[in-house]
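The structure under discussion appears below in the form of structure tokens.
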Amino acid sequence: MNKKTILVIDDDAIVLKSCKRILESENYSVTLCPSATQGIDILKSSAFSLIIIDILMPCCNGLNLSEKIEKEYPGTKFLIISGYMEPKPFSEIIIEKKMNFLPKPFTPDELLKAVKFAIIKNPESTGKNNKTSKGEIDE
Amino acid sequence: MNHNIRFYLITSLLGLTIMVTGISLFFGTYQINKAVISEAKNQIGFDLRTTIKIYSNIEKQINSSLSLTALDQGWGDCVNGYNVQHIKKRLSDLSEIIGLDFSGFVRNDSTTICRQSGYNTTNPDPVINPVARIVLEKKSTVSGTFILTQEEIRAEDPKLADLSTINLINSSENNQQNIKKETSCLTIVTAVPVYENNLFLGVIYGGIILNNSTSIVDTVRETVFQNETFKGQNVGTVTIFLNNLRISTNVLTKSGVRAVGTLLSREVEKKVLTEGETWIDRAFILNDWNISAYQGIKDYYGKTVGILSVGVIESKYAQFKKDTFLVFVVISIAGILIAVLLGFILSRLVLKPVDELIDISKKVSEGDLSPKIKKISKGEIGNLQSTFLKMIDTLRVRDLHQKEESEKQLIMTQKQASVGRLAAGVAHEINNPLTGVLTFTYMLLRRDDLDEEMKSDLETIANATNRVKDIVKGLLNFSRQVKLNPEPSDINKIITETIELIENQALIKRIRINFDADINIPSKILDSSQFQSVVMNMIINAIDATDPGGRILVSTRINLSTKGTKHKEIEIIIADNGSGIAPEQLDKLFDPFFTTKEVGKGTGLGLAVSLGIVENHGGTISVESQPGKGSSFIIHLPLDHNNE
């Protein structure tokens with residue numbers, strides 16, 4: 001059985017560490033990346049089943065990064081995480097684009113559930129079954 | 001407006017002057033007319049009495065001359081010896097002295113033995129002088145005015161009869177009478193009895209004919225009027241009437257000849273001839289208006305047979321009246337001019353403080369609430385000035401209050417926004433470490449080798465952390481609650497209202513705020529009170545950075561997005577021509593607690609919060625500034641999707 005590969009891009013080391021600890025416990029292959037530029041570099045050499053991206057990072061915002069990657073590598077699956085759902089336009093974009101979203105802080109179960117959902121989700125039918133994330137946002 | 005007051009003041013003064021001078025002109029002229037006429041009447045009455053006196057003096061002169069002649073010695077020789085030449089000599093001497101027209105001597109046997117003319121003395125004379133005839137009977141002196149017939153005159157001297165005949169001049173009044181000629185004569189005659197040694201010898205008589213005579217009337221005119229002329233015309237005239245006919249006059253007809261043969265007006269005739277009264281009044285005599293006086297002449301028998309009349313042409317008085325009127329008019333015009341001048345001076349005096357008030361009002365309306373009035377006047381204007389100053393004071397206090405209110409409101413909004421922003425920041429920063437705590441607690445809890453105590457401890461950590469998570473979530477929710485009250489809003493309207501709210505503050509500093517609104521901007525969903533606080537914050541910053549007399553221009557328009565996407569966005573520019581921002585400060589402008597204002601004046605949060613609010617609405621704020629020239633804060637807001 002192929003190991004699912006996951007790339008986590010977040011500027012906060014503790015978040016990266018947490019994600020690695022949770023996901024590896026479920027046999028995911030996890031690559032950590034503290035910045036967007038490094039993330040793009042990594043993507044040049046390897047493909048991932050899922051990319052987890054934080055929205056607010058010092059260099060740039062995660063949504064723009066995901067857009068950029070999506071263009072470069074169509075069909076890439078994303079899970080957007082953020083500790084702070086403002087400014088508002090981000091939440092609007094997430095809803096509009098029916099992106100998978102998980103608010104921080106999360107428990108291991110919540111992350112695993114969201115990751116599984118994001119990987120299973122067929123890119124073509126995005127939005128049909130993402131009530132969870134949407135529900136989180138609207139909270 | 002004040003020109004109207006000036007106009008009214010001058011016109012009313014003018015009106016008053018015209019009214020007063022008009023009335024005085026009217027009554028003055030009237031009074032003077034009256035006085036002049038009455039004076040003229042008095043004068044003419046006096047002249048008439050003088051004339052009558054002269055007339056009677058002539059009669060007395062003839063009387064006394066004849067009486068003296070009668071007393072001469074030698075009349076008996078003359079009469080008895082028929083020394084006619086001697087008598088004639090005496091008569092002609094007498095006549096020469098006093099100017100008799102006719103004279104004669106009638107002997108006691110009723111024979112006229114001598115006439116001045118030498119005429120008709122040889123034959124027994126059937127016509128004896130009627131006055132002499134009276135004396136023949138009475139044997140005493142008879143003297144007075146008589147009417148003699150043409151025959152009686154002809155008996156004296158046929159030439160005289162011709163000379164004294166008067167041709168009536170045809171005029172409308174004459175038509176009623178068929179008489180073409182007047183042959184009777186008005187005369188002054190004296191007849192004196194002549195005695196010698198108590199023996200009645202006869203009667204000496206003499207007289208003058210008034211018909212066609214010029215000497216009396218001209219003498220009188222010379223005496224009474226001293227030949228005064230007015231515009232080449234004699235002022236005074238004297239006329240003797242036989243009944244109603246002018247027989248001797250120096251009144252001239254239109255053709256310039258003496259108006260002998262013309263008739264007296266019926267009105268005067270009735271008054272004087274019939275009723276025997278003296279008549280003094282205005283009368284139109286032939287060509288001119290005269291002030292005339294008439295009195296009847298009574299003959300020896302006491303019958304009114306003629307009239308003595310004097311007149312003065314009225315135009316002499318008319319000229320006087322005209323001159324007086326002219327003086328009045330000149331005085332009136334002077335009065336009017338003075339009124340106009342006075343009106344100007346008065347209106348300037350009165351309106352000067354009013355003009356000043358108007359200037360000050362203009363300043364106040366432009367926002368200058370500390371104008372000075374140079375000098376407080378007395379009276380009502382002074383009241384107005386002090387009341388006006390009081391009003392400005394009240395306005396100033398109210399403005400200050402308003403400013404405080406709007407500042408308070410702004411600070412409140414800023415505070416709320418700050419709390420929200422703080423909460424959001426805290427939440428963001430806490431959530432990451434919280435993720436770590438939660439992750440590793442739960443991962444530990446998954447281990448099977450935990451004893452109960454350890455498991456319980458870990459569960460306590462997990463619960464406590466979840467509680468922290470909930471608290472942060474609640475804080476975030478609270479900040480969302482504070483922040484968000486989105487509703488479709490008209491950005492132009494929000495800006496207009498904001499400007500209205502702080503316009504007074506700007507006016508106090510004499511700064512004009514203009515708003516150039518693009519009416520095509522669609523409504524946008526946003527939190528209007530937060531957005532208002534952004535605009536207000538920016539305008540207040542602009543006011544603070546601008547010197548008095550400066551300008552602030554707020555404008556809105558729709559622009560292509562600066563982000564390079566095809567989206568359109570709303571652009572709001574708040575530009576001032578104030579002090580500008582130093583380049584090194586531009587980067588820090590939006591940092592919290594950064595301020596260039598004096599301590600206590602700004603919180604340093606205004607722009608940071610504004611940026612937060614604008615970013616929350618998906619927008620951006622940029623700044624362009626040139627030190628000394630001014631700054632522009634540009635807010636970009638994306639259009640709502642349904643408007644793109």
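The values are calculated or read from the model by the stated rules, or taken from the named source; none is laboratory data. These numbers were taken from a predicted model, which means no experiment stands behind them. No Cβ is skipped: glycine too gets one built from the backbone with ideal geometry, and neighbour counts run over all protein chains shown.
The listed residues are A:9, A:22, A:42, and the only one of them that is surrounded by fewer than 22 Cβ atoms within 10 Å (Cβ to Cβ) and either modelled with pLDDT of 90 or more or hydroxyl-bearing (Ser, Thr, Tyr) (or both) turns out to be A:42. If only residues of region B:421-434 that are at the interface with chain A (Cβ under 7 Å from one of its Cβ atoms) and farther than 14 Å from residue B:471 by Cα are counted, the one that is surrounded by the most Cβ atoms within 10 Å (Cβ to Cβ) is B:432. Between residues in region B:29-40 that are over 15 Å from residue B:326 (Cβ atoms) and residues that are assigned to a helix (DSSP H, G or I), which pairs lie under 7 Å by C-beta distance while being six or more apart or on different chains? Final answer for the pair search is B:40/B:317. Residue-level analysis places residue B:460 among those that are in a helix (DSSP H, G or I) and away from every other protein chain (no Cβ under 14 Å). Of the residues contained in region B:266-285, none is found to be buried (at least 22 other Cβ atoms within 10 Å of the Cβ), of a type outside the set (A, V, I, L, M, F, W, C) and under 19 Å from residue B:309 (Cα atoms).
So if I check each of B:249, B:219, B:214, which one is in contact with a helix residue (DSSP H, G or I) (Cβ under 8 Å, 6 or more places away or on another chain) and closer than 22 Å to residue B:184 by Cβ? Spell out how you get there, then give the answer.
On the way: B:219 fails: closer than 22 Å to residue B:184 by Cβ; B:214 fails: in contact with a helix residue (DSSP H, G or I) (Cβ under 8 Å, 6 or more places away or on another chain).
Result of the check over B:249, B:219, B:214: B:249.
Does residue B:96 satisfy the condition of being within 27 Å of residue B:52 (Cα to Cα), of a type outside the set (Ser, Thr, Tyr), free of Cβ contacts under 8 Å to residues at least 12 places away in the same chain and not in a loop (DSSP other than H, G, I, E, B)? Yes; evaluated as a whole, the condition is true for this residue.
Kindly establish whether residue B:613 is of a type in the set (A, V, I, L, M), buried (at least 17 other Cβ atoms within 10 Å of the Cβ) and modelled with pLDDT under 90. Give the derivation first.
Details: of a type in the set (A, V, I, L, M): yes; buried (at least 17 other Cβ atoms within 10 Å of the Cβ): yes; modelled with pLDDT under 90: yes.
Answer is yes for this residue.
Output the number of residues of region B:424-480 satisfying the condition of being among the aliphatic types (A, V, I, L, M) and free of Cβ contacts under 8 Å to residues at least 12 places away in the same chain. Walk me through how you get there before you give the answer.
Start the filter on region B:424-480 by keeping residues that are among the aliphatic types (A, V, I, L, M), which leaves B:424, B:426-427, B:430, B:434, B:437-438, B:443-445, B:450, B:454, B:458, B:461-462, B:464, B:468, B:471-472, B:475-476.
With the extra rule that they be free of Cβ contacts under 8 Å to residues at least 12 places away in the same chain, the set shrinks to B:443, B:450, B:454, B:464, B:471.
Going through region B:424-480 one residue at a time, the tally reaches 5.
Keeping to region B:619-644, report how many residues are assigned to a loop (DSSP other than H, G, I, E, B) and surrounded by 19 or more Cβ atoms within 10 Å (Cβ to Cβ). Lay out the reasoning, then the answer.
Start the filter on region B:619-644 by keeping residues that are assigned to a loop (DSSP other than H, G, I, E, B), which leaves B:619, B:627-629, B:639-640, B:644.
Still in the list and also surrounded by 19 or more Cβ atoms within 10 Å (Cβ to Cβ): B:619.
Total satisfying the criteria: 1.
For region B:478-492, filtered to residues that are in contact with a helix residue (DSSP H, G or I) (Cβ under 9 Å, 6 or more places away or on another chain) and assigned to a helix (DSSP H, G or I), the residue that is modelled with the highest pLDDT is B:491.
Quick check on region B:509-517. Is at least one of its residues in contact (Cβ under 8 Å) with a residue 60 or more places away in the chain, closer than 24 Å to residue B:366 by Cα, surrounded by fewer than 19 Cβ atoms within 10 Å (Cβ to Cβ) and in the same structural domain as residue B:636 (by TED's automatic domain parsing)? Taking every residue of region B:509-517 in turn, at least one turns out to be in contact (Cβ under 8 Å) with a residue 60 or more places away in the chain, closer than 24 Å to residue B:366 by Cα, surrounded by fewer than 19 Cβ atoms within 10 Å (Cβ to Cβ) and in the same structural domain as residue B:636 (by TED's automatic domain parsing).
Starting from region A:1-30, keep only residues that are within 11 Å of residue B:435 (Cβ to Cβ) and within 14 Å of another protein chain (Cβ to nearest Cβ), then list their pairs with residues that are of a type in the set (Lys, Arg) and crowded, with 20+ Cβ neighbours inside 10 Å whose Cβ atoms are within a distance under 8 Å, requiring at least 6 positions of separation or different chains. That search, which allows pairs on different chains as well, returns A:15/A:104.
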